[in-house]
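Heads up: the structure comes next, in structure tokens.
The values are calculated or read from the model by the stated rules, or taken from the named source; none is laboratory data. From a predicted model like this one, the values you see are computed outputs, not experimental measurements. All Cβ positions, glycine included, derive from the backbone under ideal geometry; neighbour counts span all protein chains shown. Remember, those area values only see protein heavy atoms, side chains included, never the ligands or the DNA or RNA. Shrake-Rupley method; radii C 1.70, N 1.55, O 1.52, S 1.80 Å.
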Amino acid sequence: MKVIVCYKIVPEEANIEINQDGSLSFANAEWKLSQYDLNAVEAAMQLVEAVGGSVTALTVGDQKIENSKLKKSILARGPEDLYLVKDERLKRADTHLTAAVLAAAVAYIGFDLVLCGEGSSDFYAQQVGIQLGELLQVPVINAVSKITPAGDRLIIERTLEDEIETLELSLPAVLAVTADINVTRLPGMKEILAAGKKPVTEWDLHKIGIRHAGPRVEEVSTLAPEQVARKKILVEGDSEPKIAEFLDYIRKELK
Amino acid sequence: MAGTWVFVEQRDGNIRKVTFEMLTEAKKYGDEVSAVVFGKGVKGLAPEFAKFGADKVYAVEGDVFADYNTGAYVAQIVAMINEFKPNAVLFAHSFNGRDFASRLAQKLEAGLATDVIAAEISAGKGLFTRAIYAGKALSKVEITTSPILATIRPGVFGVAESAGAGAVVEPAVAAGAGDVYQIVKEFKPTVSARPELTEAEVVVSGGRGCKGPEGIKIIEEFADLLGAAVGGSRASIDSGWLGHELQVGQTGKVVNPNLYVACGISGAIQHLAGMSSSKFIAAVNTDTEAPIFNVSDFGVVGDLFKVVPLLVAELKK
């Protein structure tokens, strides 16, 4: 089975700081692999370990995807090669553009299965995987919490709001996997060293035949939310008056 | 191009509350409001939507629509959009809602705003607010492609009844709606007598501090006395103490209850993204420095194994 895993480079959201005027500062936010894409990589590795085949990693973006530490980091997790589609016009790509670029790239590479994370940990729009499948005109499904190979088909479990759906898909297909589909492995020193020797191919938009790179959703503003005024009452211990005070608040909110 | 459509989130005739939230919100735009419902035996639900102001109810009946399946649903709604030309279509930001809307947006080459928490829709233009960077920022986006598409976060918009005509329209079943490439084998309800997390008025959550199933039992007893839903942080879900469907956070469920009680949860940014818009937040944690206390209205620095049973004992009185 030829599996392609898509991943995104995002800023470490915990280290994004808020400026006085409500704008965001990324000065201390290092770039990292989007956390939930790592679950997709792990799912791909487990699948290929079970049925054989290969895993290829793919990302699209501006020059920051060149970061050599991050290239090593993704390859150390198992994929045997890496494709980058690098173009400055992808700096603020919306989901449609991202999906269009991924679609063109995976068509060039060739695949049986494309795996994506459910959403990127920065914007978490949860659209790209689905749109990629639609563009490729292959079966696509989100919220995948379990993948079981069954011959040339896959048995998929989806954990929905209040039920688990089991369905069967034919290949080729695109799946967006949830963050709890697996627990990701941490690569060891050996894997990290080997990662540096794996092949990396770099393309630009022209190479994969993308001419137009405009967004369909326009960003108007990005600001820190107004802080909800929290009471921030803090009591210590479990003495009777404190428990009584706690209960008073609970009862008030229950009404 | 006129009218706001609300795609009904239902299963076997059980309508999810977010549907009424979307109808109530759509009423504010002053345009005609229609509920769009796909399924089997769904026509009879029309009065339910009329109660919340639906002027029209587009009901599509058929075996192929009984359970959500992307191929059939997208083919059907594309045909309807081409025929009736709505200005905007709203979907619930549920797993199926976002699957459906994303696929539709790509098909129509239209923009889509997902997980929307504030909306302004006028003729040909939608202005939407959504949380990004795990809730650190709010992003305002504008969509001018047609129709305007958005998925709406459950529990954010209020519900208000207002009488609508609820006139039933039965569009033809679209060609291509029968092309199903995925076979649904089974639905297994994640059974719980407790309210569903995204619809609950009260949520009690347990994290790493629960230390194991015993700790979870304590918070479950507490939750049941409050009629609350039970949730968990990533730590308690990954440890297998609670089912995956109960994770509160960016990658799990986003909840907006009146009261959220976090027990033994430190408050990682991914968890805060799923609960920080709750109206009143209470927390129990042994660590005074836990980030959860920064977003709490009432916090107890203490051991949940002592504090929660005391609350339970008092509530039982």
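Could you give each residue of the range B:183-190 its phi-based ³J(HN,Hα) in whole Hz, using Karplus coefficients 6.51, -1.76, 1.60 with θ = phi - 60°, and x for Gly or Pro?
The phi angles translate into 9, 7, 8, 6, 10, 10, x, 7 Hz.
Could you check what % of the DSSP bridge pairs in the range A:2-203 are antiparallel, to the nearest 5? Intermediate results must be reported in sequence, preceding the final value.
Values: 18 of 44 bridges.
DSSP beta bridges in the range A:2-203 are roughly 40 percent antiparallel.
Carbon-plus-sulfur fraction of the accessible area of the protein assembly as shown, 1.4 Å probe, in percent?
51 percent
Given a 1.4 Å probe, how much area per residue of the range B:202-316 is accessible, in Å²? Walk me through the intermediate numbers first.
Values: 3660 Å² over 115 residues.
About 32 Å² of surface per residue is accessible.
Residue by residue, what Karplus-based ³J(HN,Hα) values in Hz, rounded to whole numbers, does the range A:215-227 have, using 6.51, -1.76 and 1.60 with θ = phi - 60° and x for Gly and Pro?
Residue by residue, the range A:215-227 yields x, 9, 10, 9, 7, 9, 7, 9, 9, 5, x, 5, 5 Hz.
Go through A:32/A:86; A:69/B:140; B:136/B:279; B:27/B:188; A:232/B:136; A:146/B:140 and tell me which ones have a Cα-Cα distance over 24 Å in this structure. Don't jump to the answer; show the numbers that get you there.
Working: A:32/A:86 17 Å; A:69/B:140 33 Å; B:136/B:279 18 Å; B:27/B:188 35 Å; A:232/B:136 19 Å; A:146/B:140 34 Å.
Distance filter (> 24 Å) returns A:69/B:140; B:27/B:188; A:146/B:140.
Which residues of the range B:179-208 show a drop of at least 10 Å² in accessible area when all protein chains are present, compared with their chain alone (probe radius 1.4 Å, heavy atoms only, ligands and nucleic acids excluded)?
B:181, B:182, B:183, B:184, B:185, B:186, B:187, B:188, B:189, B:190, B:196, B:202
For residue A:218 and residue A:54, compute 0.36 nm times the residue count separating them, minus their Cα-Cα distance, and round to one decimal in nm. If you can, show how the numbers build up before the last one.
Values: separation 164, 0.36 × 164 = 59.04 nm, distance 3.77 nm.
That works out to 55.3 nm of additional length.
Under 5 Å between amide H atoms, partner at least 5 residues away or on a different chain: which partners does residue B:162 have, H built in plane at 1.01 Å?
Under 5 Å from the amide H of residue B:162 lie the amide H atoms of B:52, B:53, each far enough along the sequence or on another chain.
Given Cα positions, please report Rg to Rh for the protein assembly as shown, the hydrodynamic radius being the Kirkwood one.
Numbers: Rg = 23.6 Å, Rh = 24.5 Å.
Ratio of gyration radius to Kirkwood radius: 0.96.
Collect residues whose amide H, placed 1.01 Å from N in the peptide plane, falls under 5 Å from the amide H of residue B:266; neighbours closer than 5 in sequence don't count.
For residue B:266, the qualifying residues are B:208.
Rounded, prolate or oblate, given the Cα gyration tensor of the range B:28-107, with a/c below 1.5 counting as rounded?
Details: a/c = 1.61, a/b = 1.18, b/c = 1.36.
Note, shape of the range B:28-107 comes out oblate.
From the phi of every residue in the range B:250-257, what ³J(HN,Hα) in whole Hz does the Karplus formula 6.51 cos²θ - 1.76 cosθ + 1.60 yield, where θ is phi - 60° and glycine or proline is x?
Result, rounded to whole Hz: 3, 8, x, 9, 9, 10, 9, x.
List the accessible area buried at the contact between A and B, summed over both sides and calculated with a 1.4 Å probe, in Å² to the nearest 100. If you can, show how the numbers build up before the last one.
Values: alone 15060 and 14950 Å², together 22460 Å².
Counting protein atoms only, the buried area is about 7500 Å².
Treat every Asp and Glu Cβ in chain B as -1 and every Lys and Arg Cβ as +1, leave all other atoms uncharged, and give the resulting dipole magnitude about the Cα centre to the nearest 20 debye. Before the final figure, lay out the partial values.
Working: 30 positive and 35 negative charges, 66 e Å.
It comes to approximately 320 debye.
Provide the packing ranking of A:121-134, A:71-84, i.e. peptides ordered by the mean count of other C-beta atoms within 10 Å per residue, highest first. If you can, show how the numbers build up before the last one.
Details: A:121-134: 25.9, A:71-84: 20.4.
Highest to lowest by the protection proxy: A:121-134, A:71-84.
Nearest 0.05, what FRET efficiency do residue B:172 and residue A:166 give at R0 = 45 Å with Cβ-Cβ as r? If you can, show how the numbers build up before the last one.
Working: r = 32 Å, r/R0 = 0.70.
My answer for the efficiency is 0.90.
Looking at the range B:105-174, which chymotrypsin sites (Phe, Trp or Tyr not before Pro) are in a loop (DSSP not H, G, I, E or B) and have at most 15 other Cβ atoms within 10 Å? It would help to have the intermediate numbers written out before the result.
Details: sites: B:128, B:133, B:157; in loops: B:133, B:157.
Sparse-neighbourhood loop chymotrypsin sites (Phe, Trp or Tyr not before Pro): none present.
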